[in-house]
Each structure stands twice: as structure tokens, then as C-alpha cells.
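Peer 1: Before we start, here is the structure in question, set down as C-alpha cells.
Nothing in this text is a laboratory measurement; each read-out follows from the coordinates by a stated rule. Note that the structure is predicted; figures quoted are calculated from it, not measured. Neighbour counts run over all protein chains shown; Cβ positions are idealised from the backbone, glycine included.
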Amino acid sequence: MTAAVDKFKPGDRVKVKFEDRPGHIRTPWYIRGKTGWVERVYGEFLNPESLAFGRDGLPKKTLYLIAFNQVDVWGESAKTQDKVLVDIYEHWLEPVA
Amino acid sequence: MSDLTSDAHGHEHPKHELSDHAKRIYAIRDLLIEKGVITEKDIQCQIDYQEARSPANGAKLIARAWVDPVFKARFIADPKAACDELGIDATAINEFVVLENTEKVRHMVVCTLCSCYPRPILGRPPDWYKSFNYRQRAVVDPRGVMREFGFDPPDDVEVRVHDSTADIRYLVLPLRPKGTQGWSEDDLAKLVTRDSMIGVMDALSSLPE
């Protein structure tokens, strides 16, 4: 099986999808709908949304380290230079023009 | 162990009232043993293994990184291989990433979803790491949390909170405290607290009493 091509590269701006559905979801609620950028591409991992239910975790999903400005997540009360960084699987991300 | 009593299967259960979770765990354990999936010895070995892992592993890695820049580069580039060099078994970690603090950047680690933690390196997480309080506030108000640990990051420092939500386990490489030139690796390791490797505070600046 050939490796899938990563959809995003470091520096790309991305938005976390705002989805509300049941399951073993590893995308924290507070970061859904927020916009940040790709900090690192970690590579492919078995999909925890499948593994948690005893399935095979395939197809693998590319995992990214996504950085967000604290002010973009929590508003002006945060320090402008502070960041929150979250590990997010590719199928939760959409490109931002 | 006077708190324990033997039952029909020949192994021990606590006498006092168990929580529902504990009852379920004991039931699953008994079934796994009865069906021959695992043995009593496997469980004891696993307990010994869990107990043997402690923040001393992390402190050893950090102290070596402080005194040996070439090791530090390897530790950051390939943390699991660096663990192997020091005889620390990190194979249980899927992916392991080291976050290097600098004068201008401090990292802090949380798992808002559960309690993901680099256990082979730091042992079991402290209770506060698993608390709802820490898991909520670490991402919203990291500086407030750090102040409660006695560390007030200067205004010109960038605080980077890592929410370890997936397969990656993070370890903070704290700054080497000033005035420690010429210290032995063993003494340096005593400055590396568990909390400094979670990132809620810097390493100690003098040896603990």
C-alpha cells in the first residue's frame, strides 16, 4: 500500500470542522470551528474513532500538530503571543483560503 | 496483608466494600485468569513494571541533555533512541516528542480529553494532572495555573500549551538553571522535578533539602 499524500503542509492555515456526532472523537470540543495553522505533520496513525469500537483503525489518518493563537480560541483576555497546540487528524481539518 | 481475604479461586480480594468499578475490574481479572488469557504472574509483573517507572527516568534524560549538547540534539531528534542509550524502555510509547524550553518559550502539557502522559518516562501521572480542574484551566489560563505552581512566566515569554489528544506523548525539556555550571549530572537530575517536565514550572534552581 502506498502512503497517502498529506493534504496539508507546515504553515498551511486550517480550520477545525465543527461537527457534533457521537463516537470516540479525539478533537476537543473547544477547538472545533477554530482556525490555526499546521505546525508539524506527524504522519499516519490508526484511526482512534474506529479502534475504540474494536475495529481495525483503517484507513490510517494523517495526524497533524495544529497551533492556535490563544486569543483566537479564548478571546482578548489571553496573551497575544501565547498558543495552544492540539494533535488533530486530517479528516477534522479543512483548508482556509 | 490483613486487608485481604482468599476466595474460592485461591487469590485475594479486599474485604472492604468495593466500588462498582473495582468490582468490575476484579471480575474481568478473574475471567481472564480462568480462561487462561493471562496468569496471576503476568499481572504481578505488570504491576512491578508500572511501579518501576518514575520521574527519575525523565530527570536522567534531562540532566544528560543539559551537560551533553550532542546527546540533547539526539534526544530532540529521536527521543526513543535517546532513551534506549540510557537504558530507559520507551518502546511502549507510540510517538514521543520533546519540547525544549528557552528563555523566550515555555511549554506545558495537558490532555484535556483524558490523562495521556509519557508514563515510561514519568511513571503514573499525579492526580491533579487527571483532574477536571487542571484539564480545563491548563488550556484556558495556563499562566494562572503556572502561578499556582509558583512560576510566573515573564510578559515577554511565549507560553505554548500542548493538548496531547492523540498518539503523541510530550515531555518538556526545562531550561538548565543559571549558576549550575560544573555540577555533576546526578546533582543536576535532582533539580529536574516531575512538574518541570510537565511544564507547569521551571526546574529547581537549588538542590532540594
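Peer 1: Which of B:131, B:31, B:164 sits farthest toward the positive end of the charge dipole of chain B, with +1 on the Cβ of Lys and Arg and -1 on the Cβ of Asp and Glu?
Peer 2: My answer, from the dipole projection, is B:164.
Peer 1: Pull up the DSSP beta bridges for chain B and report the antiparallel fraction as a percent, rounded to 5.
Peer 2: DSSP beta bridges in chain B are roughly 20 percent antiparallel.
Peer 1: How high is the FRET efficiency between residue B:158 and residue B:130 when r is their beta carbon distance and R₀ equals 35 Å, given to the nearest 0.05?
Peer 2: Numbers: r = 27 Å, r/R0 = 0.76.
Working from the Cβ atoms, E equals 0.85.
Peer 1: Evaluate the charge dipole of segment A:13-95 about its Cα centre and quote only its size in Debye, nearest 20, assuming +1 on the Cβ of each Lys and Arg and -1 on the Cβ of each Asp and Glu.
Peer 2: Details: 13 positive and 12 negative charges, 5 e Å.
In total the dipole reaches around 20 debye.
Peer 1: Next question, about the same structure. Going down the table (A:61/A:83; B:60/B:178; A:61/B:130), which pairs top 22 Å between alpha carbons?
Peer 2: Beyond 22 Å between Cα atoms: A:61/A:83; A:61/B:130.
Peer 1: Same structure, new question: In whole angstrom, and with the biggest value first, how far do the Cα coordinates of segment A:55-97 range along each principal axis?
Peer 2: 43, 23, 13
Peer 1: I would also like to ask the following. Indicate the gyration tensor shape class of the protein assembly as shown (rounded, prolate or oblate), computed on the Cα atoms with a ≥ b ≥ c the square roots of the eigenvalues: a/c under 1.5 is rounded; otherwise a/b larger than b/c is prolate and the rest oblate.
Peer 2: Oblate, because a/c is 1.5 or more while a/b does not exceed b/c.
Peer 1: Another question about this same structure. Under the classification rounded if a/c is under 1.5, otherwise prolate if a/b is larger than b/c and oblate if not, where does segment A:1-87 fall, given a ≥ b ≥ c as square roots of the Cα gyration tensor eigenvalues? Intermediate results must be reported in sequence, preceding the final value.
Peer 2: Values: a/c = 2.89, a/b = 1.55, b/c = 1.86.
Judged from the Cα gyration tensor, segment A:1-87 comes out oblate (a/c at least 1.5, b/c at or above a/b).
Peer 1: Assuming a viscosity of 1.002 mPa s and a temperature of 20 °C, what translational diffusion coefficient in µm² per second does Stokes-Einstein assign to segment B:54-198, Rh being the Kirkwood radius over Cα pairs?
Peer 2: Answer from the Stokes-Einstein relation: 138 µm²/s.
Peer 1: A follow-up question, please. For the modelled label position 7 Å from the Cα of residue B:84 along Cα-to-Cβ, which residues of segment B:56-73 have backbone nitrogen atoms closer than 14 Å?
Peer 2: none
Peer 1: In addition: Just going by the charge dipole of the protein assembly as shown, with Lys and Arg at +1 and Asp and Glu at -1 on Cβ, which of A:63, B:182, B:46 is farthest out on the positive end?
Peer 2: A:63
Peer 1: Roughly how many debye, to the nearest 20, is the charge dipole of segment B:54-198 about its Cα centre, given +1 on each Lys and Arg Cβ, -1 on each Asp and Glu Cβ, and no other charges?
Peer 2: In debye, rounded to 20, segment B:54-198 gives about 240.
Peer 1: Looking at the protein assembly as shown only, what percent of DSSP beta bridges run antiparallel? Nearest 5 please.
Peer 2: Working: 23 of 39 bridges.
Of all bridge pairs located within the protein assembly as shown, approximately 60 percent are antiparallel.
Peer 1: Please work out the Cα center distance from segment B:138-186 to segment A:70-97, rounded to the nearest Å.
Peer 2: Answer, in whole Å: 20.
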